[in-house]
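The values are calculated or read from the model by the stated rules, or taken from the named source; none is laboratory data. Computed from a predicted structure; not experimentally measured. Here Cβ is always computed from backbone atoms with ideal geometry, including for glycine, and neighbour counts include all displayed protein chains.
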Amino acid sequence: MNFFRRIFGANSKSSVKPDFDSSVAQRLAAAGKDPNRVEAIPAELLVMPEKPPLPGFQGMVRLELTLDEKGKVVSVQMDGAPFTHISVLESWAHAWTFTPAKMEGRAHPCRMVFEVTWT
């Protein structure tokens, strides 16, 4: 089984329909497009550096990554991270590499959520 599938419990190459957040769905509707009929391909995680050690922490951190149209991480929001480890986690998340998300054949910015556990 693929490393990322074991960690995230999902097949990154599956043909699941992307789940547009409400702001994207509203923009598509305003443009006269049905979000259920828009061709969209989610970004795919290509490289995730090894998880950094977080001394004294056990638990799950939820990372919400905002990617630009090139698949580069431009913003990181997180829940569950100890205050003392936030900068380490931000640096780690910015080092992840993705293929760009596409909507209607063009590269498109997107947001992705990952839950990562330290034991």
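Restricting attention to region 53-67, the residues being surrounded by 13 or more Cβ atoms within 10 Å (Cβ to Cβ) and under 15 Å from PRO82 (Cα atoms) number 5. Taking the criterion of being among the small types (Gly, Ala, Ser), under 15 Å from LEU54 (Cα atoms) and either within 14 Å of the chain's Cα centre (by Cα) or part of a strand (DSSP E or B) (or both), the only residue of region 68-119 that qualifies is ALA93. Checking the stated criteria, ALA95 turns out not to satisfy the condition of being of a type in the set (Gly, Ala, Ser) and in contact with a Lys or Arg (Cβ under 8 Å, 6 or more places away or on another chain).
Evaluated against (1) in contact (Cβ under 8 Å) with a residue 60 or more places away in the chain; (2) surrounded by 12 or more Cβ atoms within 10 Å (Cβ to Cβ); (3) over 20 Å from the mean Cα position of the chain (by Cα), PRO42 falls short on exactly one condition, (3).
The listed residues are ALA40, ALA95, ALA107, and the only one of them that is of a type in the set (Gly, Ala, Ser), modelled with pLDDT of 95 or more and out of contact with any Leu (no Cβ under 8 Å at 6 or more places or on another chain) turns out to be ALA95.
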